[in-house]
């Protein structure tokens, strides 16, 4: 059985609850990620901020009008105000099929991977696409060649 520890991103980019919305936006843009686990100093998972959370917060600031007021808004909103708490997480030894089914059933984009209460990785829908591509390549290699 292939486990999540084999496909997860280890040591994902994280922020703390006191970090700002601006810092989350900057990290997402810089690292090209859509999910940021929010952790404390001991790496215990407190919550999750997703691109959808960021976009929703940015839409609410549209009433502010000016660029200056937008920057002030994103600097002053802490991630503790935005993050989803009580996030579903998974053990690194869980099977990838079960995790994939869970993501699909609940329409989640990621699952933080936690071991002994500490965040050690993250698995995203993109990781499962990578697995699917690899499986398709293996299947293509095993198919007999057509002589037609």
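Computed values, structure above
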read-out: Subset of the range 29-39 [under 16 Å from residue 58 (Cβ atoms) and out of contact with any strand residue (DSSP E or B) (no Cβ under 7 Å at 6 or more places or on another chain)]; value: 29
read-out: Helices (runs of 4 or more DSSP H) wholly inside the range 1-116 that include at least 2 residues being under 17 Å from the mean Cα position of the chain (by Cα); value: 21-31, 51-60, 79-82, 96-106
read-out: Of all residues in the range 68-78 being loosely packed, with under 14 Cβ neighbours inside 10 Å, more than 23 Å from residue 37 (Cβ to Cβ) and in contact with a helix residue (DSSP H, G or I) (Cβ under 8 Å, 6 or more places away or on another chain), the one that is modelled with the highest pLDDT; value: 71
read-out: Unmet requirement for residue 131, which otherwise passes all of (1) in a helix (DSSP H, G or I); (2) in contact (Cβ under 8 Å) with a residue 12 or more places away in the chain; (3) under 28 Å from residue 40 (Cβ atoms); value: (3)
read-out: Residue satisfying condition, being out of contact with any helix residue (DSSP H, G or I) (no Cβ under 7 Å at 6 or more places or on another chain), farther than 30 Å from residue 132 by Cα, modelled with pLDDT under 95 and loosely packed, with under 15 Cβ neighbours inside 10 Å, within set 16, 117, 65, 95; value: 65
read-out: Residues of the range 4-40 satisfying the condition of being at positive phi and free of Cβ contacts under 8 Å to residues at least 24 places away in the same chain; value: 32
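The values are calculated or read from the model by the stated rules, or taken from the named source; none is laboratory data. From a predicted model like this one, the values you see are computed outputs, not experimental measurements. With ideal geometry, Cβ positions are generated from the backbone for all residues, glycine too; neighbour counts draw on all protein chains shown.
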